[in-house]
Structure formats: C-alpha cells, structure tokens
Amino acid sequence: MAPRTKKSPAPAETAHAETASVETAPAEPQQPVPHVRVAVIGSGFGGLGAGVRLRRAGITDFVILERADSVGGTWRDNSYPGCACDVPSHLYSFSFAPNPEWPRVFSGQPDIRAYLERIADTFGLRPHLRFGTEVRELRWDEERTRWRVTTSAGNWTADAVVSAAGPLAEPQIPDLPGLDAFPGKVFHSSRWDHDYDLAGKRVAVVGTGASAIQIIPAVQPTVRSLTVFQRTPAWVLPRADREVTGVEKWLHGKLPPTGLLRRAGLFAIRELQVDAFVRRPQLLALVQQVALRHMHRAVADPALRAKLTPDYRIGCKRILLSNTYYPALAAPNTEVVAAGLRELRGSTLVAADGSEHEVDAVVFGTGFHTTDLPIAERVYGVGGMALAEAWKDGMEALRGSTVRGFPNLFFVIGPNTGLGNNSMILMIESQLNYLIDALTTLDSIGATAMQPTERAQRQWNLELQHRMSRTVWTTGGCRSWYLDEDGKNTVLWPASTSAFRRATRHVDLAEYELLKRTAPLGDARDTEVVPV
C-alpha cells in the first residue's frame, strides 16, 4: 500500500487550527517511568529463585514480570493429564527450600506447582510480582546505561534484567497444510483444553517425546481410538516411582539432615552417569539393553516392536521414563503410525507414508522453541542490535549467562545450560550464584554495567563446542531438539553439574568490559569503558 501524504489545509482551515490550538488546555505532565535495580522476566523456578537470591543479597528493589496470572512457569502451563517430573522430587527442588512432604518419588505437576506457590509466599516475593505483565520489548539505553522495559501493563527502566522466561515457554506447532480448516479440536500439550472431554473421541497425538509419553497412557483408557504419529521412536526406561511413606516424610521433617543425605545420594548417582554421556558413549550399551528388555516385556507384537525400536544410540535424544507408555501403545484401541503427520484434509489426517486417519481431536506434543528463543526477538542491545540477529548463527553466551552487546542482561537457563541426566534446579542455582556475584561486584568496584569481551565469549563457546563433539548427543546418530537448524547443539551442557557450578562460582572480571555512568541520570551523555 502506498504511503499516505498529509494534505495541506486551506487558509480557512489553517486559521481555525491556529485558534483551536490556542484554546486547547495544556496536556497533563507525563508520569515518570518507574525505575528498579533489577527486572526479572518469568516466575517459574528461575524467576522465583532469582527473587529469593536477590532479597538474600540485600537487593529488594526489583520486580518479577509475569505474563500469566500466577507463578509456576512451565509447571503452570503444562497441566495435561499425567504431567509429572522425570527427576526425583527431592532433587528437583531448591537446596535452600527442601520439601519433606513430597508425596511421590517423582511428583506430579500439581504438587510441583504448589511448591512454587509456597516459595513465593515463604520468601516474601508476592510484593515483587507483577501478573498480567508480558514483556514486549527490552531496549538498552546507552546514554543512561540502563534497560528500558516495555510491557503490556506499563513501562519500567532497570539497571539489570534477568531473563528467566525459560526454553520451554513457547509451544511449537508444525505449519501443516489444512490445519486451519480442521473441524475438530486442536491444542498443544502445554495449552491443554480442560473444557474439552476426550472420552469416547477419536484422538490423534502427534509426537512421542517427554510430554506425549505421559499423555498417551493417561488418555488411552477413555478414548474411542488413539492414533500416535511417531516420527522417531524414543528410548524408554522403567520409572521407579512410588509413594513416599509417612515414615520418610516424618524423618525428613524432624531430622532435616536425612533429607539432605537423600538429595546428595540422588545427585551423586546422576553425576556418575555424566561420563557416559559426554566422553564415553559406548558405556551406554548396557543401559540400551535394559531399555530393550523393558519394551519386550510390554510389547508382544513383533511388528509393533520394530516400529518402537530406535536406530540410534540411547542418550542421543532425551531418555524417557515410563512404565505405562508401552502397554498403552499395545492396547487394542491404539495405532502407532511410524511416520510424521504430513497434512490434514478436513477431519482426515494424512501421514508421511500416505496412510489416512479420521480423528475428532489432535493433540500436539511437538515441543517448544528451544534453539530460537522467542525472547530474543524482543531484546535490543548496544547500537539497537536485536538479540535474534546476534544469535542468527546459533545461540551462545559466556558461561550460559551473559551475551556481548547486551550489558547487564543475565540469563537463567541460558544457551548450553540444559541437562540430559540431572536436575535443572542445580544449574539454575549455579546461574543465580553468578548473577548475585556480578551485581555485588559492580557495586563494590563502582561500575554500572558489564558485558563479556568478544574474546572471552568466543573462547568459552569454542571450547564448549569442542567438548560437545564427542558427546552422545553429537555422535549418537540422531536428530534431536537439542540441535539448531545447522546441527549445532546450543541447548545442553557437555560436562557435569559440578563443573558448571565451579565455572559460575565467581565472575572473572578479566572476561568483562565494565561500563561506568559518567553523568547524572537526567543527562544524556555517553558511557565509558573502564579497563580492568
């Protein structure tokens, strides 16, 4: 559409406009934009953990910006039937907030969400929370050395921003021909429609990842028919779940060191597994045999077994835990289509192998935007550079936490901080240590902001990708959601959680350029780079 041009007013119109402008009442003065020391994005484990650590460090001038109406992050959004964690609860919790009342070894979504609500209450975070506040833009103000935060509920400025939106925040639904015209119900696993009853319906589940293997056994007994579109089979191990006994709860409540001992044991077992994933994938052969026996015990049909047997090494894609997944797939009302979904023709779903399947509802268990974080499209750093542009060749950060060109922007669960075998809470707490050390260091040396040097960020990521080259995620023969479009693993950490804790214990000022404000905030002058 051609741009519109402004029409010059006729003389009479001009005179009238001048008269009107004289008579118009003066505009009310613009309200000042509130300023905080730290703006935290998201109220899941990362955002709430950041709030707790900030308060403990004596930093109380912060807000936690949450687009939803309650805390919980991914444990609020994912409320699908059967939703639970695949890390034992006593390890999947904050070290500073043990919960002796976990009901199961692997607790479900309602219990984890309730735990996060208690964190918000216990640690006094409610006054800092701003619900219904979606961050639409973060823009670095070079003149005033601060972030301008634009949200759906008003604007802020902040000395520092903590991005704790997480990689499992934005669902990914494939762009399929005919999807918009499907006459039935469609939703993603993380946007479950609880008002729609699947009982007696012909249901399709697209995907066989961590969410799908929990959804399938939960809905299979009640649906009329279940069609599972499996592009790539997963390796599945038994899930050693059970109720936590009353004696265990009493013991952990009355004698807290017993809970710490349990947590330490769970941690040690998982740390011992790291070597097989990151340096000696051949050691996983025994685990692969356990997975095969697990499948053979549950699936008698050789044809179905063939469909469900992966052709890549275990660990290359996320290893799944379930005792009910294989029996659900072997049930008479379930059909496994060993091909991806190609298109929809009305209520008919057409697979990549050409087979057609009539359904009433489609549930997408197709994951999230993990290698192309949507928040990156809303962040503008030095010189107006978009973070998405800076990451066009793949996400990267220094120590998974900071990015050159984006001063005082700190990530929680940033690039290459994901895990394939342990609790993400351990990584979150390590990054929070780094965040607090960075902020207190800035105060102690009288600087305003910090950003990684180009050399430090490049060196960190070169070494990281070198280590990645021998991991099972690279050599295992699969294509996983850990990899971006160029095949680069920008999601996982190729070492132990202990190694990451050591790497983020303190900020190394030799890796940073420091920015110092040289004029009052009311002035608009440049900042200077302070040599360290």
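The values are calculated or read from the model by the stated rules, or taken from the named source; none is laboratory data. Values in this document were obtained by computation on a predicted structure and should not be read as measured data. In this analysis, Cβ positions are derived from the backbone assuming ideal geometry, glycine residues included, and neighbour counts consider all displayed protein chains. The accessibility values were calculated without ligands, DNA or RNA, using every heavy atom of the protein model including side chains. Shrake-Rupley method; radii C 1.70, N 1.55, O 1.52, S 1.80 Å.
If we count every other residue with Cβ under 12 angstrom of Lys307's Cβ, Lys/Arg +1 and Asp/Glu -1, where does the sum land?
Here the count lands on -2.
Work out the count of Lys pairs in the chain where the Cα-Cα distance is under 22 Å, with the pair 8 or more places apart or on different chains. All intermediate terms of the calculation are to be shown ahead of the outcome.
Working: Lys185/Lys201; Lys307/Lys317; Lys317/Lys488; Lys392/Lys488.
Here the count comes out as 4.
Averaging sequence separations of C-alpha pairs under 8 Å and six or more residues apart, then dividing by the length of the chain, give the relative contact order as a whole percent. Kindly include the intermediate steps, with their values, before the conclusion.
Working: 998 pairs, mean separation 96.2, N = 532.
That works out to 18 percent.
Please list the helices of the chain that count as membrane-span-like by this rule: a mean Kyte-Doolittle hydropathy of at least -0.5 together with Cα atoms stretching 15 Å or more along the helix axis, each helix being a complete DSSP H run. Working shown, then result.
On the way: long enough: 11-23 (18 Å, -0.47); 45-56 (16 Å, 0.11); 109-122 (19 Å, -0.73); 256-278 (34 Å, 0.45); 285-298 (20 Å, 0.06); 424-445 (32 Å, 0.95); 454-468 (21 Å, -1.82).
The answer, listed by residue number, is 11-23, 45-56, 256-278, 285-298, 424-445.
So, R0 is 35 Å and r is the distance between the beta-carbons of Ala303 and Ser347; what FRET efficiency does that work out to, to 0.05?
Details: r = 27 Å, r/R0 = 0.77.
FRET efficiency, Ala303 to Ser347: 0.85.
Please arrange Asp437, Asp121 by accessible surface area, largest first, computed with a 1.4 Å probe and ligands excluded. Spell out each step's value before the answer.
Details: Asp437 35, Asp121 95 Å².
Solvent-accessible surface, decreasing: Asp121, Asp437.
Per residue of the range 171-176, what does 6.51 cos²θ - 1.76 cosθ + 1.60 with θ = phi - 60° give for ³J(HN,Hα)? Whole Hz please, x for Gly and Pro, Karplus curve as stated.
With the stated coefficients, the range 171-176 comes to x, 10, 10, x, 7, 9 Hz.
Of all alpha-carbon pairs in the range 289-380, indicate the percentage at a distance above 15 angstrom.
Across the range 289-380, Cα pairs with separations above 15 Å total 73 percent.
Out of every Cα-Cα pair in the range 330-405, what percent are more than 15 Å apart?
Working: 1979 of 2850 pairs.
Of the Cα pairs, 69 percent sit more than 15 Å apart.
Please report Rg (one decimal) and Dmax (integer) in Å for the Cα set of the chain.
Here Rg and the maximum Cα pair distance are 26.1, 91 Å.
Once you list every other residue whose beta carbon is under 13 Å from the beta carbon of Gly394, what net charge do they have if Lys and Arg are +1 and Asp and Glu are -1? Let's see the in-between values first.
Numbers: positive: Lys392, Arg458, Lys488; negative: Asp372, Glu389, Asp393, Glu396, Asp484, Glu485, Asp486.
Spelling it out: positives minus negatives among the neighbours equals -4.
May I ask you to derive the relative contact order of the range 374-524, considering only C-alpha pairs under 8 Å and at least 6 residues apart, and to give it as an integer percent?
Working: 184 pairs, mean separation 42.5, N = 151.
Reported relative contact order: 28 percent.
With viscosity set to 1.306 mPa s and temperature to 10 °C, compute the Stokes-Einstein D of the range 398-456, Rh being the Kirkwood radius across alpha carbon pairs; µm²/s, no decimals.
On the way: Rh = 12.3 Å.
Value of D from the Cα-based Kirkwood radius: 129 µm²/s.
Taking amide H positions as placed 1.01 Å from N in the peptide plane, with prolines and chain starts having none, which residues 5 or more places from Trp391, or on another chain, fall under 5 Å of its amide H?
Here the answer is none, since no amide H 5 or more places off falls under 5 Å of that of Trp391.
Taking θ as phi - 60°, what are the ³J(HN,Hα) couplings along the range 399-415 by the Karplus curve (6.51, -1.76, 1.60), each to the nearest whole Hz, with x for Gly and Pro?
Once θ is set to phi - 60°, the couplings for the range 399-415 become 6, x, 10, 10, 10, 4, x, 9, x, 6, 10, 10, 9, 10, 6, x, x Hz.
As a test of the formula, what do you get for the chain when each DSSP H run with n ≥ 4 contributes -39,500 (n - 2.57) and the sum is divided by the residue count, at 222 nm and rounded to the nearest 500 deg cm²/dmol?
Working: 15 runs with 161 residues, N = 532.
Computed ellipticity for the chain at 222 nm equals -9000 deg cm²/dmol.
What would the Debye equation give as log₁₀ I(q)/I(0) for the range 43-110 at q = 0.12, 0.14, 0.16 Å⁻¹, counting only Cα atoms as equal point scatterers?
After summing over all Cα pairs, the log10 values are -0.38, -0.51, -0.66.
Return the Cα extents of the range 210-290 along principal axes one, two and three, sorted largest first, each rounded to a whole Å.
Computed over the range 210-290, the largest-to-smallest principal extents equal 49, 40, 18 Å.
What shape does the range 83-196 take by its C-alpha gyration tensor, where a ≥ b ≥ c are the square roots of the eigenvalues and a/c under 1.5 counts as rounded, a/b above b/c as prolate, and the rest as oblate?
Taking the square roots of the gyration eigenvalues as a ≥ b ≥ c, the range 83-196 is oblate.
Give, rounded to the nearest 20 debye, the magnitude of the charge dipole that the range 166-311 has about its Cα centre when Lys and Arg contribute +1 at Cβ and Asp and Glu contribute -1 at Cβ. Working shown, then result.
Working: 19 positive and 13 negative charges, 112 e Å.
So the magnitude is around 540 debye.
If I model a spin label as a point 7 Å beyond the Cα along the Cα-Cβ vector, how far apart are those points for His506 and Arg293 in nm?
Distance between label points: 4.9 nm.
Taking amide hydrogens as modeled 1.01 Å from N in the peptide plane, which residues meet the under 5 Å criterion relative to Leu321, leaving out close sequence neighbours?
Hits under the 5 Å cutoff: Leu237.
In a shell of Cβ-Cβ distance under 12 Å around Glu377, excluding Glu377 itself, what net charge do Lys and Arg (+1) and Asp and Glu (-1) give? Can you show the working numbers first?
Numbers: positive: Arg136, Arg378, Lys392; negative: Glu137, Glu170, Asp372, Glu389.
Within the 12 Å Cβ shell, the charges total -1.
Could you sort the peptides 503-511, 176-184 by per-residue average Cβ neighbour count (10 Å cutoff), highest mean leading? Mind dumping the intermediate values first?
Details: 503-511: 15.3, 176-184: 13.8.
Ranked by mean Cβ neighbours within 10 Å, highest first: 503-511, 176-184.
I'm checking a number: the convex hull volume of the Cα atoms of the range 234-280, normalised per residue, in Å³. What is it? Present the calculation step by step, with values, prior to reporting the outcome.
On the way: hull volume 4.1 nm³, N = 47.
In the range 234-280, the Cα hull volume divided by residue count equals 88 Å³.
Whenever you get a sec, line up Ser444, Ser163 from highest to lowest accessible area (probe 1.4 Å, protein heavy atoms). Write out the running numbers ahead of the final one.
Values: Ser444 95, Ser163 5 Å².
Result of the area sort, largest leading: Ser444, Ser163.
Where does the range 381-532 land on Rg(C-alpha)/(2.2 N^0.38 Å)? Walk me through the numbers before you get to the answer.
Details: Rg = 16.7 Å, N = 152, 2.2 N^0.38 = 14.8 Å.
Normalised Cα radius of gyration, the range 381-532: 1.12.
Determine the shape class of the range 323-463: with a ≥ b ≥ c the square roots of the Cα gyration tensor eigenvalues, call it rounded for a/c under 1.5, and otherwise prolate if a/b is greater than b/c, oblate otherwise. Could you put the intermediate results ahead of the total?
Values: a/c = 3.50, a/b = 2.28, b/c = 1.54.
It comes out prolate by the Cα gyration axes.
Just the Kirkwood number for the range 157-308, please: inverse of mean 1/r across all distinct Cα pairs, in Å, one decimal. Present the calculation step by step, with values, prior to reporting the outcome.
Details: mean 1/r = 0.0492 Å⁻¹.
Kirkwood hydrodynamic radius for the range 157-308: 20.3 Å.
If you place +1 on the Cβ of every Lys and Arg, -1 on the Cβ of every Asp and Glu, and leave all else neutral, what size is the dipole of the chain about its Cα centre, to the nearest 20 Debye? Don't skip to the answer; put the middle values down first.
Values: 59 positive and 57 negative charges, 363 e Å.
Taking the Cα centre of the chain as origin, the dipole is about 1740 debye.
Residue separation times 0.36 nm, minus the C-alpha to C-alpha distance between Ala57 and Leu179: what's the value? The partial results should precede the final answer.
On the way: separation 122, 0.36 × 122 = 43.92 nm, distance 5.01 nm.
That pair, Ala57 and Leu179, stretches by 38.9 nm at full extension.
Per residue, how much accessible area does the chain have with a 1.4 Å probe, in Å²?
Numbers: 24560 Å² over 532 residues.
On a per-residue basis, 46 Å².
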